[in-house]
Amino acid sequence: MPPEARYDFRAVTEDDLPLLAAWLAEPHLAEWWDDPETEIAAIREAMDSIETEPLIVELDGRPIAYLQSYDPHLEDDHPYQDQPFGTLGIDISIGPPDLVGKGHGSAIVRQYVELLLEEGAPRVIIDPHPENLRAIRAYEKAGFRAFERRDTIYGPALMMALDAEG
């Protein structure tokens, strides 16, 4: 991926839900997400929440990924409330299968995390499944470092963090 590529982030709309459902049915995502119907219902709910911000990532006007950021301190009983106040979590999935493994994941994460840190987040966390080696490598390329393995209400997680420069 060219280093000059810049991604645009925009809020998910109702019109995006069929595309997201199609992406979630793709084998590279179905392995790590619940069934599309359950996930779309959760995304629809997140669209109206204060704790989660669901986003579409675009490259040159083309939707290529789903990204969500969340504040674990705004959600009752969230398993990551032990993180420093102000910590934000993110999740990302590249949608089109032909774009997987091309460097977009780490580049998108790097660009988005830079925005979160500039806005004052002291730490950004991400929690891939410990067996999702492709995602773990992408997050490491983006600057994240693993600090703990947990079993959460969401399943097994490798906790990874990127902290603001102190």
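None of the figures in this text is laboratory data; all of them are computed from the coordinates on show. Predicted model, so just to flag it, every value in this text is computed and none were measured. For neighbour counting, all protein chains shown are included, and Cβ atoms are generated from backbone atoms with ideal geometry for every residue, glycine included.
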Length-normalised contact order for region 24-97 - Cα pairs under 8 Å, 6+ apart - percent: 25 percent
Percent RCO, i.e. relative contact order, over the chain, from Cα pairs under 8 Å lying at least 6 residues apart: 17 percent
Expected max-MSF residue from I136, I94, I40 in the GNM of the chain (alpha carbon, under 10 Å) is I40
Let me understand the chain better: what is its radius of gyration from the alpha carbons, and its Dmax, in angstrom? 14.9, 42
All alpha-carbon distances of region 93-166, grouped into 10 Å bins from 0, give the whole-percent distribution 19, 48, 31, 2
Once you've got the GNM for the chain with C-alpha springs shorter than 10 Å, pick whichever of A22, A138, A146 has the biggest mean-square fluctuation. A22
Per-residue HN-Hα couplings for region 88-97, Karplus 6.51 cos²θ - 1.76 cosθ + 1.60 at θ = phi - 60°, whole Hz, x for Gly and Pro? 10, x, 9, 9, 9, 9, 6, x, x, x
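Is there a quick way to get the dipole size of the chain? I mean about its Cα centre, with the Cβ of Lys and Arg at +1 and of Asp and Glu at -1; what is the value in debye to the nearest 20?
Values: 13 positive and 34 negative charges, 173 e Å.
I would put it at about 840 debye.
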